[in-house]
Every structure is written in structure tokens, then in C-alpha cells.
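Trainee: Let me give you the structure first, and then I'll get to my questions.
Every number in this text was worked out from the coordinates using simple rules, so none of it is lab data. Small disclaimer: the values here were computed from a predicted structure and weren't measured. All Cβ positions, even for glycine, are placed from backbone atoms using ideal geometry, and neighbour counts span all protein chains on display.
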Amino acid sequence: MKSTVNQKNRIKQLRNERGISSRELAKMVGTSAPHMSRLERGLSPLSIEWIAKLSGALKVGSHEIIDLPFDRKFTGKCDDALLGSALGWLMEASDKYGVKLSRQDLSKWASYVYKEAVEQPLDFKRTKYLAFTIVQVIRQVKR
């Protein structure tokens, strides 16, 4: 999956809060210190795979890495893997269709996809299809 986030992230802040050096975090997630520095500064694209690795190493939700404005009541009781997947599919679809999504849009639509997946319930394929359909509709509306 090549979907990426080119927005500010909280990697350095979260790393510092945990007293971990950039070099230590790089080793924990299997990359070099220079690459970690580029990820922290937003100079290298932050893929959903990197978000997942970093959230595991830093022991935070995937949404916290890129600082999405989710309601804490929502994120406190949600399945981070499903929320991270919804976020990843929206990012992948936005890359595919050339649609720029703001932090607020990513948060809103990831919450919506998550809610629908849980309430319906939707399987993996249908949940991904919903995320891609949302981005296609956004693309048509923006034209």
C-alpha cells in the first residue's frame, strides 16, 4: 500500500515524551536514524505502514501519530486496528484519485467508515469499498 500522509506529525513529540532517542526509535521500527529524522520532520512520506509501526513502538493510537482531531471518548474505546485501516483506505483512495483531504476530513470520514463497519457490520472488502466510494464522491463534488 503506497498511501502516504504529507502532513505534520507528532513522532518527535511522542518520542520525547517517552524519553526515547531518534536512533532508538529507528532501531525499534527497523529503519535508519537519518530516515527517522526525515519522517519526524515530514520530509519523507509517512505511509500507513510507518504509522502502524510507529504507533506500536510508541504505544499510541495510529490517529495520534498524525494528530487527527478525534473525540477522546471515541478513540478511548475503539479498535485501533479498524480505525487505522479506515484511515489507511481513505489515504490510499485519496492518493489514487488525487484528492487532498484535510486533517478534519480524514478524521470525519475515518470515524464514519469505522462507525459503519461496526454497526452494519461490514466485512473487510465492504469497509474498504466504502472508504474508496467516499473519496470518489468527494472528488466528483470538488470538480
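Trainee: Can you list residues from other chains, or at least 5 along the same chain, whose modelled amide H is less than 5 Å from the amide H of S47?
Mentor: Long-range HN contacts for S47: V5.
Trainee: Then there's this: Please list the helices of the chain that count as membrane-span-like by this rule: a mean Kyte-Doolittle hydropathy of at least -1.0 together with Cα atoms stretching 27 Å or more along the helix axis, each helix being a complete DSSP H run.
Mentor: Qualifying helices, which must be both long enough and hydrophobic enough, are 124-142.
Trainee: Sum -39500 (n - 2.57) across every DSSP H segment of at least 4 residues in the chain, then divide by the residue count to get the 222 nm mean residue ellipticity, nearest 500.
Mentor: After summing the helix terms and dividing by the residues of the chain, the value is -20500 deg cm²/dmol.
Trainee: Across bins of 5 angstrom width beginning at 0, how are the C-alpha pair distances of segment 99-143 distributed, in whole percent?
Mentor: That works out to 5, 22, 29, 24, 14, 6, 1, in percent per bin.
Trainee: What translational diffusion coefficient, in µm²/s and rounded to a whole number, does the Stokes-Einstein relation yield for segment 68-134 at 20 °C and a viscosity of 1.002 mPa s, taking the hydrodynamic radius as the Kirkwood radius over Cα pairs?
Mentor: 181
Trainee: Considering only DSSP states other than H, G, I, E and B, which trypsin sites (Lys or Arg not before Pro) in segment 43-91 qualify as loop sites with at most 11 other Cβ atoms within 10 Å?
Mentor: K59, K77
Trainee: May I pose another question? Provide, for q = 0.12 Å⁻¹, the log10 of I(q)/I(0) from a solvent-free Debye sum over equal Cα point scatterers in the chain.
Mentor: These q points yield log10 I(q)/I(0) values of -0.48.
Trainee: Please give the charge dipole size of the chain, origin at the Cα centre, charges +1 on K and R Cβ atoms and -1 on D and E Cβ atoms. Round to the nearest 20 debye.
Mentor: Approximately 380 debye in magnitude.
Trainee: Restricting attention to the alpha-carbon atoms of segment 21-81, what are Rg (one decimal) and Dmax (integer), both in Å?
Mentor: Answer for segment 21-81, Rg first and Dmax second: 12.3, 36 Å.
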